[in-house]
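This report refers to the structure that appears directly beneath it.
The values are calculated or read from the model by the stated rules, or taken from the named source; none is laboratory data. Keep in mind that this is a model prediction, so the values were computed, not measured. As a convention, Cβ positions derive from the backbone with ideal geometry for all residues, glycine included, and neighbour counts pool all protein chains shown.
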Amino acid sequence: MDLVRIVVFFAVICCPFLGRAQFEEYSSRSEYLSIISEMSIDEIRAALLDANAHGLHAPTYWSSAEESAYQEGRREEPEFKSQVAQKYLQFLRDVSLGVVDPSSMGSDVSMRRKGFLSPQQLRAVALVSGNSARVLANHLAPQNSLYLGLKESLRRMKEICAQGRWAQLPAFSGTLELGKKDPAIVAIKERLRLLGYPSASMGDDFDNSVLEAVNDIQWNLKIKPDGKITSNGKTINYLNISCQSRVQQIRADMEKMRWFPQTFEDRYIFVNLASSQFNLIDKVHGNMSFRAISGRTQRPTPTMRDKVVQVVINPYWVVPPTIFKEDKVEEIRNLTPSQISAYFESKNFEVWNSNLSRKLDPASIDWWSVGGDNPDILIRQKPHTGNALGVLKFMLTNSLAIYLHDTNQPELFAEASRQLSSGCVRLEKPFDLAEYLLRGTEWTRQVIEHYAAKPGEVMQNDTKITLEQPTSVYLIFLTSQMSSDGVIRFMEDTYQQNSRIWKSASW
């Protein structure tokens, strides 16, 4: 941990963050402005002009009016200095917390805005930043790898745009595939190279490096890869999306990352909800990555920060209210009383009162009168391999009934489009995660598998194992991401989060 992180860490412990209302009150006082007054106007100007590097809108903080006054030599005038200080303070707040309040984004973002540094904290960080306005701003911006990757992606894409290297790709006829030659392939290879994909050669032949890149892009497009580029297909359209549109996409994702902690823990779970990909990052024991299934567009998995606190072997599944009302009740209403009993028995479903204190006969219930947002009965599925949660559940702490779990439909992980759940995150390799979380305990992989239900078994109890060390979980809908291979990948904004951010930010 470097000096700045140490100073910020201890400053946070000693002095609580300010909420939004407190910040607005403080921003008109002298505490913050006295800190900023120790910085040169030249440095503040440079920092504000550099706001674009963080995906922010530099003219918001340093307009043409400020530039004119600066060039006219008014930099030492008290009114001008006060105005610039206020703009710089707003920039520090925006680069640290975000422009958009996440709590205003809708039900698919379950987060509250962070608090800003108190004046005492800001002074401590400013001191170790050498009172440099640009260094201070960079220190207050997120330092986690996801944000830094986006920042580098933005730098690369803006440079490409400025140099005019992202022109419309030349038209071609038919289908380009392995072994084909076409003049358009030269430009396609250059476009792939700009995105970070390696190329064996820059000739006009469709070689294996192009094939691998096309397959990867088609996964990102959520279509089954066929390794081909058709003249009017999704792959060529993906490659032809304008450079500026890609810049805007990255900027929206950087805004999302400002809602999260500045730094992430040495081990954490990150699920990209846009690509339906699970990642476990552990600086000591190594990383883990596999496919996931995230919420469909009608029932999105919320963007949130949480932590895994418990592993449950052979979980019961209590049908969530939305599925209960929109799916299960509608199914049952089409059945006769005798069919209802058979339906519940075949799926190992039970009906209980709302506090799970009394079991009910499903055939005795008037399902036409059941409904509303708060039904007084629950449907619960007994633990078995056909359970909707599979045989493993990873409990989080949120009140939305969102968690990670196994599934009884593993074949869905072969799908390119995996936004298929009703909000929870299904995992391709749940036993790998359980083994990792429970390492160092008596719950070895062999013991976990022994306890888990086998095909044909219906269990009467679940097994809950509370973790001694909870692991942080970040569920984030990122439509752009630069991985460790240096490739910038883009996904579709299926949740429409980016468009809402742009509308709220008014950039």
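Out of R155, R134, R113, report the one residue that is among the basic types (K, R) and over 27 Å from the mean Cα position of the chain (by Cα). Don't jump to the end; show me each part of the working.
Details: R155 fails: over 27 Å from the mean Cα position of the chain (by Cα); R113 fails: over 27 Å from the mean Cα position of the chain (by Cα).
Residue meeting the stated conditions: R134.
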Check your understanding: From the set of residues in the stretch 80-104 that are among the hydroxyl-bearing types (S, T, Y) and either at pLDDT 95 or above or in a loop (DSSP other than H, G, I, E, B) (or both), which is surrounded by the most Cβ atoms within 10 Å (Cβ to Cβ)?
Key -> Y88
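Going by what's in this entry, would R267 be described as buried (at least 21 other Cβ atoms within 10 Å of the Cβ) and in contact (Cβ under 8 Å) with a residue 40 or more places away in the chain? Lay out the reasoning, then the answer.
Working: buried (at least 21 other Cβ atoms within 10 Å of the Cβ): no; in contact (Cβ under 8 Å) with a residue 40 or more places away in the chain: yes.
Against the criterion (buried (at least 21 other Cβ atoms within 10 Å of the Cβ) and in contact (Cβ under 8 Å) with a residue 40 or more places away in the chain), R267 does not qualify.
Rundown of residues vs (1) at pLDDT 95 or above; (2) of a type in the set (A, V, I, L, M, F, W, C); (3) in the same structural domain as R299 (by TED's automatic domain parsing), yes/no style:
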| position | (1), (2), (3) |
| --- | --- |
| V329 | no, yes, no |
| N334 | no, no, no |
| Y343 | no, no, no |
| S364 | no, no, no |
| G371 | no, no, no |
| D376 | no, no, no |
| G390 | yes, no, yes |
| F394 | yes, yes, yes |
| T397 | yes, no, yes |
Check your understanding: Do the conditions hold for L33, that is, is it in contact with a strand residue (DSSP E or B) (Cβ under 6 Å, 6 or more places away or on another chain), modelled with pLDDT under 95 and buried (at least 17 other Cβ atoms within 10 Å of the Cβ)?
Key -> no
Study note, to complete from the structure: (1) surrounded by fewer than 20 Cβ atoms within 10 Å (Cβ to Cβ); (2) within 31 Å of the chain's Cα centre (by Cα) all hold for Q419 apart from (1)
Point to revise | Cβ pairs under 6 Å, 6+ apart, first in the stretch 197-218 and under 25 Å from S153 (Cβ atoms), second of a type in the set (D, E, K, R) | key: S199/K189; S199/R193; A200/D207; M202/K189
Revision key, fill the gap. Per the list (1) polar (S, T, N, Q); (2) under 24 Å from T303 (Cβ atoms); (3) in a helix (DSSP H, G or I), residue check on S107 breaks on (3)
Review point. Which one of these is closer than 25 Å to R267 by Cα and modelled with pLDDT of 95 or more: D462, D432?
Key: D432
Study note, to complete from the structure: Taking the stretch 426-443 and keeping only residues that are surrounded by fewer than 21 Cβ atoms within 10 Å (Cβ to Cβ), of a type in the set (D, E) and touching a residue at least 60 places away in the same chain (Cβ under 8 Å), one is left with D432
Practice item. Can you work out which of the residues in the stretch 164-207 that are under 35 Å from the mean Cα position of the chain (by Cα) and of a type in the set (D, E) is farthest from I241 (Cα to Cα)? Key: D207
Point to revise | Residue ID - farthest from S276 (Cα to Cα), chosen from residues in the stretch 288-303 that are in a loop (DSSP other than H, G, I, E, B) and not basic (K, R) | key: Q298
